[in-house]
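Asker: Handing you a structure now.
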Amino acid sequence: QVRSPLSASILGEQTLVVTEEKVTVTELRAQVVAGLALELRPQPGHHPAMVTVTARGTPTLRIPKQQEATLSLWLSFSDRTLAPLELYGWQDAAVTVTSLDPSVATVGGVSPGVPTARPWVVAEGPGRGALLQLHLHPPDACRRGRHRAAALATATAWL
């Protein structure tokens, strides 16, 4: 449950079910986050100090050579659950990110073909589209045999 610090009322709740069933990663979802848009709305009929706050990531890189962005990565599982990669820790996943058009955007914090802990994107010039290719691999300690090179999931991110 999430409770209001002002009124102690329940703002939201979610039931969790824990089972022994194995799940698999079915999809990697990626979004470029270059900025944040914040919206504050008063709650009519409630205490004047109560507002609804909405924060959204904005994907647009506007200033070449000066603006950087991070990546928001989410994992979709076979049991139809969705979780941010941060929930499991970047150190437990090997994510590779490749720019499909380095004249539009480059990827920082990585060496070609080498997984990184947390990549970022740098605007290089005008352009848009599905320009980032991402691959999620298991950690090195879990890679063995013929599964060594197989990605758990792949995704593209739009700029």
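Asker: Looking only at residues in segment 48-70 that are within 16 Å of residue 99 (Cβ to Cβ) and more than 18 Å from the chain's Cα centre (by Cα), which one is surrounded by the fewest Cβ atoms within 10 Å (Cβ to Cβ)?
Answerer: In this case the residue turns out to be 65.
Asker: Consider residue 127 against the criteria (1) buried (at least 17 other Cβ atoms within 10 Å of the Cβ); (2) modelled with pLDDT under 90: it satisfies all of them except one. Which criterion is unmet?
Answerer: The failed condition is (1).
Asker: Something else now. Is there a residue in segment 37-58 that is over 30 Å from residue 5 (Cβ atoms) and in contact with a Gly (Cβ under 8 Å, 6 or more places away or on another chain)?
Answerer: no
Asker: May I ask you to list the residues in segment 71-89 that are under 15 Å from residue 30 (Cβ atoms) and exposed (fewer than 15 other Cβ atoms within 10 Å of the Cβ)?
Answerer: Of everything in segment 71-89, those that are under 15 Å from residue 30 (Cβ atoms) and exposed (fewer than 15 other Cβ atoms within 10 Å of the Cβ) turn out to be 82, 83, 84, 86.
So that you can scan it fast, the table gives a plain yes or no per residue for (1) surrounded by 11 or more Cβ atoms within 10 Å (Cβ to Cβ); (2) part of a strand (DSSP E or B); (3) of a type in the set (A, V, I, L, M):
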residue: 8; (1), (2), (3): no, no, yes
residue: 14; (1), (2), (3): no, no, no
residue: 17; (1), (2), (3): no, no, yes
residue: 22; (1), (2), (3): no, no, no
residue: 31; (1), (2), (3): yes, yes, no
residue: 38; (1), (2), (3): no, yes, yes
residue: 44; (1), (2), (3): no, no, no
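Asker: In addition: Quick one: in segment 70-122, which of the residues that are more than 30 Å from residue 16 (Cβ to Cβ) and in contact with a Lys or Arg (Cβ under 8 Å, 6 or more places away or on another chain) is modelled with the lowest pLDDT?
Answerer: 109
Asker: Consider segment 46-58. How many of its residues are charged (D, E, K, R) and assigned to a loop (DSSP other than H, G, I, E, B)?
Answerer: Matching residues across segment 46-58 total 0.
Asker: Out of curiosity, is residue 63 in contact (Cβ under 8 Å) with a residue 40 or more places away in the chain and not polar (S, T, N, Q)?
Answerer: yes
The values are calculated or read from the model by the stated rules, or taken from the named source; none is laboratory data. Nothing here was measured: the structure is a model prediction, and the numbers come from that model. Please note: Cβ atoms are built from the backbone with ideal geometry, for glycine as well, and neighbour counts cover all protein chains shown.
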